[in-house]
Structure formats: C-alpha cells, structure tokens
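Engineer: Sharing a structure with you now.
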Amino acid sequence: MLDLEGKFLVSKPTMRDARFRETVILICEHSRTHSLGLIINKPIHTPSIKEIASDFGIVNVKRQPNQYMFYGGPVNLNKVMVLHTPDAEFGSGTQKFNDEIWMSNTPQCLNSILNHGQTGPSNWMICIGQCTWSAGQLESEILSRNGRMNTDAWLTTSLNANTVFGMKYQNRWKKTVNKIAQEQFKRTFSHAIQTQ
C-alpha cells in the first residue's frame with residue numbers, strides 16, 4: 001500500500017477528467033478500505049461563508065483572513081470540512097493525519113473560526129464536498145500502466161502547509177507541479193552521476 005496520508009495528490013497536465021484538471025488534493029485519510037482527500041485550489045462563491053455561518057446558527061460572523069471557501073470534491077457536497085493548523089482540536093471530530101495540518105468537521109470547529117469572540121485555529125480553510133476512493137482505487141489510478149507506458153493521471157509529493165494557508169490559490173497547482181518536476185530532475189541527475 002502506498003504511503004499517501006498527509007501528502008499532496010496533484011493532477012498531471014494531461015489529466016482528462018475535467019473535475020480534477022489542475023487540482024491539488026490533500027489526502028486526509030488513506031487505508032486499505034478507502035481514501036479521502038480535499039481539493040485545496042478551487043474556490044467557490046456559493047454558498048458564502050456568511051450563508052454557512054447562518055446554517056450553523058452563527059449570527060455575529062467575525063472578519064475572516066480568508067474570504068474563500070473551497071470545492072473539496074464531487075462527493076458529499078452537503079459536508080463541510082475544515083483544514084486547520086494543529087493549535088486547536090475538536091475531540092473525535094478532528095483527524096490528525098499530519099504534524100502541520102489537521103481536518104475537523106464539527107459544529108464546534110466552525111463556531112471557533114466563524115463566531116466573533118471565539119478563539120480557533122490560527123490558520124484554516126473551509127471545504128465543501130470531498131474526494132473519495134474505494135479500496136485500492138487510488139493506488140491503481142496512480143500506478144496504472146498501459147504496456148510499458150505509464151498512463152497515470154496523478155503525481156504525489158509531500159505536504160507543505162504554506163501551500164495550503166499562505167500561497168494564493170491560483171498558484172498552488174503550477175508551483176506544486178514545478179516542485180515535483182524539480183524533485184524528479186534531481187533524483188534522475190543524482191542517479192546518472194552515481195552510475196557513471
């Protein structure tokens with residue numbers, strides 16, 4: 001089984017599925033039974049943060065550092081998930097998959113980040129919907145081959161919290177793909193030198 005939990009899954013420039021074209025997905029759960037991830041670079045404007053706050057009974061919405069909500073993926077579009085720094089946790093509703101970023105889906109989490117006067121995590125991102133894969137599906141998509149030619153649609157790389165919380169969403173896919181290309185070049189170059 002591939003080690004994917006807490007990593008970025010990045011669509012290749014050749015991705016054919018329009019739902020995932022130019023996406024960066026943070027894999028929050030990866031086990032033998034399923035995988036779950038959230039797209040971190042596709043903002044949505046409906047519903048708004050104020051509408052979500054209203055749905056959860058939050059009247060006095062505090063000014064937000066991040067005015068965008070994100071399309072987490074095409075499944076469970078009624079689910080609201082929050083990616084946040086590990087300086088706040090919300091019991092069993094918090095998935096601690098990494099030292100830099102956690103995921104929570106509790107009303108308490110939403111209250112802490114949206115309600116004026118409440119203290120919550122220092123950095124956060126709201127996602128609506130999620131990406132899910134059944135047992136072994138994600139591995140087969142990453143490792144699929146057609147004869148000798150690799151036909152996968154995905155690249156993987158380590159998570160970088162700045163990409164999620166600090167970088168403009170418009171730059172996340174391109175900069176992450178460039179980072180992966182540089183890593184692959186270094187590996188190839190190092191191997192070529194070692195085998196001379």
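The values are calculated or read from the model by the stated rules, or taken from the named source; none is laboratory data. None of these values were measured; they are calculated from a predicted model. Virtual Cβ from ideal backbone geometry, glycine too; neighbours counted across all protein chains shown. Protein only, heavy atoms only, side chains kept; ligands, DNA and RNA dropped before computing areas. Shrake-Rupley method; radii C 1.70, N 1.55, O 1.52, S 1.80 Å.
Engineer: Scanning for something at pLDDT 90 or above, of a type in the set (Lys, Arg) and crowded, with 16+ Cβ neighbours inside 10 Å, does segment 42-64 turn up at least one residue?
Structural biologist: Within segment 42-64, one or more residues are at pLDDT 90 or above, of a type in the set (Lys, Arg) and crowded, with 16+ Cβ neighbours inside 10 Å.
Engineer: Looking at segment 107-128 only, could you name the residues that are out of contact with any Asp or Glu (no Cβ under 7 Å at 6 or more places or on another chain), open to solvent by 20 Å² or more (accessible area, probe 1.4 Å) and over 14 Å from Leu26 (Cβ atoms)?
Structural biologist: Pro107, Gln108, Asn111, Asn115, His116, Gly117, Gln118, Thr119, Gly120
Engineer: Is it the case, given these coordinates, that Asn98 is in contact (Cβ under 8 Å) with a residue 60 or more places away in the chain, open to solvent by 30 Å² or more (accessible area, probe 1.4 Å) and either under 15 Å from Leu9 (Cβ atoms) or assigned to a helix (DSSP H, G or I) (or both)?
Structural biologist: yes
Engineer: Assuming Leu110 fulfils every condition listed in (1) part of a helix (DSSP H, G or I); (2) in contact with a strand residue (DSSP E or B) (Cβ under 8 Å, 6 or more places away or on another chain); (3) farther than 18 Å from Gly72 by Cβ apart from one, which condition is it?
Structural biologist: It fails just one condition, (3).
Engineer: Here is a follow-up. Looking at segment 61-90 only, could you name the residues that are among the aliphatic types (A, V, I, L, M) and either at positive phi or in contact with a Cys (Cβ under 6 Å, 6 or more places away or on another chain) (or both)?
Structural biologist: Once the filter is applied, which keeps residues that are among the aliphatic types (A, V, I, L, M) and either at positive phi or in contact with a Cys (Cβ under 6 Å, 6 or more places away or on another chain) (or both), segment 61-90 yields Met81, Val82.
Engineer: Here is a follow-up. Which of the following residues is under 21 Å from Gly73 (Cα atoms), modelled with pLDDT of 85 or more and of a type outside the set (A, V, I, L, M, F, W, C): Glu183, Glu141, Glu100? Lay out the reasoning, then the answer.
Structural biologist: Details: Glu183 fails: under 21 Å from Gly73 (Cα atoms); Glu100 fails: under 21 Å from Gly73 (Cα atoms).
Going through Glu183, Glu141, Glu100 in turn, the sole match is Glu141.
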